[in-house]
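**Student:** Quick one: structure below, then a few questions.
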Amino acid sequence: RRLRRRIDALDRRIVAMLNERARLAREAGAAKAAAGRRAIRDPEREREVLLRVSMANEGPLPQADLLVLYRRLFAATRALETRDRDRDRAGRVGGSGDDRDS
């Protein structure tokens, strides 16, 4: 029971950290868009992160499993960034005052 409570508490912290990371990734995506960078995916940055987390992994989680988790995390944050950009684009188009139908 004590171990389960510790796992539950750790799960709450992990969720909070994942959401914090997602918020920061969205901010980075907004900064990229503001700077005119069109690409959402940055393969070089992803490689750097994977290398860094691989080096930090002391186990027992197998390296391959850790990398799968991070690749999924990248995909989830790219999806958030895509939605943010789509929303921003729709807001500019819908709120631009440009009425082409008249």
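**Student:** Exactly one condition in (1) surrounded by 10 or more Cβ atoms within 10 Å (Cβ to Cβ); (2) within 14 Å of the chain's Cα centre (by Cα); (3) under 30 Å from R92 (Cα atoms) is not met by R37; state its number.
**Tutor:** (2)
**Student:** Residue check: is N57 free of Cβ contacts under 8 Å to residues at least 40 places away in the same chain and under 18 Å from E81 (Cα atoms)?
**Tutor:** no
**Student:** If you don't mind, there's one more thing I want to ask. Look through segment 40-60, keep the residues that are among the acidic types (D, E) and assigned to a helix (DSSP H, G or I), and return whichever of them is least open to solvent (accessible area, probe 1.4 Å).
**Tutor:** Step by step, filter segment 40-60, then rank; the result is E46.
**Student:** Among all residue pairs at least 6 apart or on different chains, which show Cβ distances below 8 Å where the first residue, located in segment 1-12, is touching a residue at least 24 places away in the same chain (Cβ under 8 Å) and among the aliphatic types (A, V, I, L, M) and the second is surrounded by 10 or more Cβ atoms within 10 Å (Cβ to Cβ) and assigned to a loop (DSSP other than H, G, I, E, B)?
**Tutor:** Close Cβ pairs satisfying both conditions: none exist.
The values are calculated or read from the model by the stated rules, or taken from the named source; none is laboratory data. Values in this document were obtained by computation on a predicted structure and should not be read as measured data. Positions of Cβ are generated from backbone atoms using ideal geometry, with glycine treated the same way; all protein chains shown enter the neighbour counts. We work out accessible area using only protein heavy atoms, side chains counted, and drop any ligands, DNA or RNA first. Shrake-Rupley method; radii C 1.70, N 1.55, O 1.52, S 1.80 Å.
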